[in-house]
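Data first, discussion second: the structure below is written as structure tokens.
Read-outs: derived from the displayed coordinates by stated rules, not from any lab. Bear in mind that the values here come from a model prediction, so they are computed numbers and not experimental data. Positions of Cβ are backbone-derived with ideal geometry, glycine not excepted, and every protein chain shown enters the neighbour counts.
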């Protein structure tokens, strides 16, 4: 009798708590959406929405799309840059996520390989547009189009013109300039060097590897520990050891330092132009090709794709078609700075006057490569992790660089099978 | 007498040093938020805040997003705290007072949940939440947080209830109290310090949580402050002063909550110290 009473009371207590919890949770539950009067609402995730300078302008550009449409409305899905790829891929892998995504190439390849991206052939007729062939080839797999280039941005050398009147044209001059500028609170150079910025380190070392004649693979076999790769990464490590960079500073910090005239040189892509002006409109900076022995450098290729799980694919395709219209491409290019867009566009005289070094970026398009491992595109994020881990270990003196690359080669080969 | 004074002085110095170490990150956030661009990377860092740049706080709040983020964080943290304590008390009581088959196994299983990193749980939880239409809702986030916090809350409260003499409950029953009344009127007041301690744990966990929040919430207006602050970190640039100003504002409610709960927590930590 007593036991039954205890049980009844406990049941009553549990029911009360669940009831209170339900009332509490009901107040916080998601809106069900409801009928939006036949207007398809889609979301667009891009890590660039968070960039000072570019972010607000991109949001305005989306508003222009919304004003031009009566049946489709797009909104920016705010996914923070530091965990962008991981977050969006998790959401897409579970059949959710934004309708449109601007991916960087490694994540694009992984998503494409996993079937998370909707084929565009039936949704967007690209034959109507004059697409840039070099970057566009990387978003078509086995004849199936998985995306359209949103931004193609070649890497070049940014330099503070007040600190460096004449830019270096050889690697030796590059090193000498970096050393001579480093004193007090000014550093000659800056690059990423910590495992916390894995994707960024990969982007940075890509320029050293390819700039010294190396490559991550020959298309069939990984060549991580090849002599040319070792040469390029040794150059990267030598600069690290020469104490010409603000060690430990992350990209957000040293880019702000560049904008404040505290860093002399930085290898970065065309998108950096608007971002830098967004941080310091008065900065006197210029751009030149990266002065490494071989004129091959990385490029940020960022396609816009439609999520396979999206229930509004046609609406998302409407947005892509709108972006490809010539006037909208020109506007997008002006927002993105020195980057290229999907189609061939003409730089306006006004743009060239404001940014005279734009032709430097345009001239690098043919020699720029996306930062993926050719032949192992979908495995790039995994290979990147292994390579960056080992290179950072070498930077920190835990192992010599040759051993680190041998180890990376072995680990990555096991990974790709 | 002199030895007593020296001892007291040393203790005060030690307390001030510890206090300084604890408060320095908060102070440095304030100084950085109020720095000019030139001061930010000066060779000799500025040690005192320059209040002429206070506008960065005003601008941060004026944008409207920050207030919304903080409100969402508050709802999530309070919801998690209330629910985890509401469920943790009966669970802790059951583990402490009832004998049933598998009790030891259940206790160990509860501990297991504490050994799994959040990142490992994101994908399965995401699929589960999708099925129950809990994605993109603060309610879902509260449940996810409760799932992580509840075991530790229940185990702490179980320990606290273990320390209570059963005679008190028996006396209450003799006086005619029903079991629920025994729990709520006899046990709960006596374990109030432990409840306060678990409230702090739950609140802080939910306040700082990032991995679930960034993955489960899609709508910008529903993001908590932990994710909102990360939105300032761009691919090509980060407004450092704004980030620090918002981060400073983000810490204040948590500090206020701790100050509110502190006296109970301290009492909870010392409770039982004199028991024989």
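Here are the numbers:
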item: Per-residue mean of C-beta atoms belonging to partner chains within 10 Å, peptide A:79-86; result: 6
item: Inter-site label distance for residue B:37 and residue B:116 at 7 Å from Cα along Cβ, in nm; result: 4.9 nm
item: Cβ crowding within 10 Å averaged over residues, with B:189-200, A:242-253 ranked highest first; result: B:189-200, A:242-253
item: Order by protection proxy (mean Cβ within 10 Å, highest first), peptides B:127-134, B:104-111; result: B:127-134, B:104-111
item: Distance between the range A:140-158 and the range A:363-394 - C-alpha centres, whole angstrom; result: 15 Å
item: Gained length - residue A:114 relative to residue A:130, 0.36 nm times residue gap less alpha-carbon distance; result: 2.9 nm
item: Relative contact order (%) - criterion: Cα under 8 Å, at least six apart; region: the range B:64-270; result: 35 percent
item: Residue B:188 paired with residue A:366, simple spin-label distance in nm, labels 7 Å along Cα-to-beta-carbon; result: 7.8 nm
item: Helix-only [θ]222 nm of chain A, DSSP H runs n ≥ 4, -39500 (n - 2.57) each, per residue, nearest 500; result: -13500 deg cm²/dmol
item: Principal-axis tilt of helix A:171-181 within chain A, Cα atoms, nearest 10 degrees; result: 80 degrees
item: Per-residue average of Cβ from other chains inside 10 Å of B:222-234; result: 5
item: Extension gain, residue A:195 back to residue A:137 (0.36 nm per residue minus Cα-Cα distance, nm); result: 17.8 nm
item: Folded to 0 to 90 degrees: helix A:326-336 orientation relative to chain A principal axis, Cα; result: 70 degrees
item: Modelled FRET efficiency - R0 35 Å, residue A:344 with residue B:258, Cβ distances, 0.05 increments; result: 0.05
item: Value in Å of the Kirkwood radius, where chain A supplies the Cα pairs that are averaged; result: 23.2 Å
item: Contact order relative to length of chain A, as percent, for alpha carbon pairs under 8 angstrom and 6 or more apart; result: 25 percent
item: Beta bridges per DSSP with both ends in chain A, % antiparallel, nearest 5; result: 60 percent
item: Shielding by partners - mean other protein chain Cβ count within 10 Å, residues of B:83-89; result: 3
item: Length added when fully stretched, residue A:282-residue A:180, from 0.36 nm per residue minus Cα-Cα; result: 34.3 nm
item: Cα long-axis angle, helix A:198-211 against chain A (0 to 90 degrees, to the nearest 10); result: 30 degrees
item: Alpha-carbon centroid distance for the pair the range B:221-245 / the range A:40-67, whole angstrom; result: 16 Å
